Amino acid sequence: LGLALVEIKAGDAATAAGMASALIRESEDSGDGRLQGDALETLGVAKISLGQVAQAREHLLAAVELARSRDDGRREAMARYSLGNAYAHERRVHEAEQSYRLAAESFRRLHDDRREVLALSNLALMAERAGRRTEARERYREALASVRELGIPRELGRITLNLGIAERDERERAVGGVLT
């Protein structure tokens with residue numbers, strides 16, 4: 001499973017999808033629900049990378065349901081976060097927001113600050129895509145404060161960039177006489 005994730009990061013999502021599919025078959029044969037859920041999520045992430053988002057959603061929804069049936073809150077939250085990514089890829093903002101919000105709430109209950117802030121920063125992006133600019137800027141600021149406290153350099157750069165773009169756009173709208 002780790003090798004499949006490495007393949008995704010390395011840009012070979014097709015190989016990762018093949019590996020995850022094999023693990024799903026193996027987990028079904030062995031009855032290992034935990035492996036099956038993780039492999040379903042990995043396959044979903046690989047399918048997003050391959051542009052096969054409808055299939056990705058199916059695998060991720062199955063991973064969410066399997067985690068829920070096993071009362072595994074952490075795996076359910078992780079699959080929901082990935083499901084949010086699939087919806088965001090399709091520009092289905094409402095569904096993405098719902099997935100990210102549920103994931104953030106779960107990560108908060110699990111005291112997983114890092115993943116919570118990732119979900120919150122994606123909620124800010126979805127608010128921006130939905131045209132709720134004021135909400136987006138506030139969410140970016142909150143996420144930025146959290147990510148600074150947690151010391152996550154990659155996310156610090158991403159959130160800072162997104163906040164800067166949102167604030168620049170707001171200034172341009174204000175100069176043009178249109179404030180949203």
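The values are calculated or read from the model by the stated rules, or taken from the named source; none is laboratory data. Predicted model only: the values in this text are computed from it and were never measured. As a convention, Cβ positions derive from the backbone with ideal geometry for all residues, glycine included, and neighbour counts pool all protein chains shown. These accessible areas exclude ligands, DNA and RNA; they are computed on the full protein's heavy atoms, side chains included. Shrake-Rupley method; radii C 1.70, N 1.55, O 1.52, S 1.80 Å.
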Q: Any chance you could run the full-extension gain for Arg74 through Glu167? It's 0.36 nm times the residue separation minus the Cα-Cα distance, nm to one decimal.
A: 30.1 nm
Q.
Which one, Leu161, Leu23, Leu61, has the greatest fluctuation when you compute a Gaussian network model over the chain with C-alpha springs under 10 angstrom?
A. Leu161
Q: Before anything else, pin down the relative contact order of the chain: Cα pairs under 8 Å, at least 6 apart, normalised by residue count, whole percent.
A: 12 percent
**Q.** For segment 53-156, size of Cβ-based charge dipole, Lys and Arg +1, Asp and Glu -1, in debye
**A.** 200 debye
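DSSP H helices in the chain with Cα extent of 18 Å or more along the helix axis and mean Kyte-Doolittle hydropathy at least -0.5? Display every interim value, and only then the final one.
On the way: long enough: 13-30 (25 Å, 0.14); 33-49 (24 Å, 0.12); 53-69 (24 Å, 0.31); 73-89 (24 Å, -0.88); 93-109 (24 Å, -1.02); 113-129 (24 Å, -0.09); 133-150 (25 Å, -1.23); 153-175 (33 Å, -0.80).
Membrane-span-like by this criterion, though nothing is claimed about a membrane: 13-30, 33-49, 53-69, 113-129.
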(Q) Of Ala17, Gly151, Leu163, which is farthest towards the positive pole of the chain's charge dipole, taken about the Cα centre with +1 and -1 on the beta-carbons of Lys, Arg and Asp, Glu respectively? (A) Leu163
Q) Local charge sum around Ala166 (other residues, Cβ-Cβ under 9 Å, Lys/Arg +1, Asp/Glu -1)? A) -1
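For segment 76-180, what's the relative contact order in percent, using C-alpha pairs closer than 8 Å and at least 6 residues apart?
19 percent
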Q | Solvent-accessible area, 1.4 Å probe, carbon plus sulfur percent, for the chain | A | 50 percent
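Under the rule a/c < 1.5 gives rounded, and otherwise a/b versus b/c splits prolate from oblate, where does segment 8-85 land using the Cα gyration tensor? It would help to have the intermediate numbers written out before the result.
Values: a/c = 2.07, a/b = 1.25, b/c = 1.65.
Note, shape of segment 8-85 comes out oblate.
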Q: Keeping all protein chains in place, calculate the accessible area per residue for the chain (probe 1.4 angstrom), answer in Å².
A: 53 Å²
Q. Hey, got the dipole for the chain? About the Cα centre, +1 on K and R Cβ, -1 on D and E Cβ, debye to the nearest 20?
A. 600 debye
Q: Could you calculate the contour length gain from Ala145 to Ala130, that is, 0.36 nm times the residue separation minus the distance between their Cα atoms, to one decimal place in nm?
A: 3.1 nm
Q: Take Arg154, project a point 7 Å from its Cα along the Cβ direction, then tell me which residues of segment 55-99 have their backbone nitrogen under 20 Å from it.
A: 75, 77-89
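Any number yet on Rg/Rh for the chain, C-alpha, Kirkwood? Write down the numbers at each step before the final one.
Values: Rg = 17.7 Å, Rh = 17.1 Å.
Result: Rg/Rh = 1.03.
Of His89, His94, His59, which has the most accessible area and how do the rest follow, probe 1.4 Å?
His94, His89, His59
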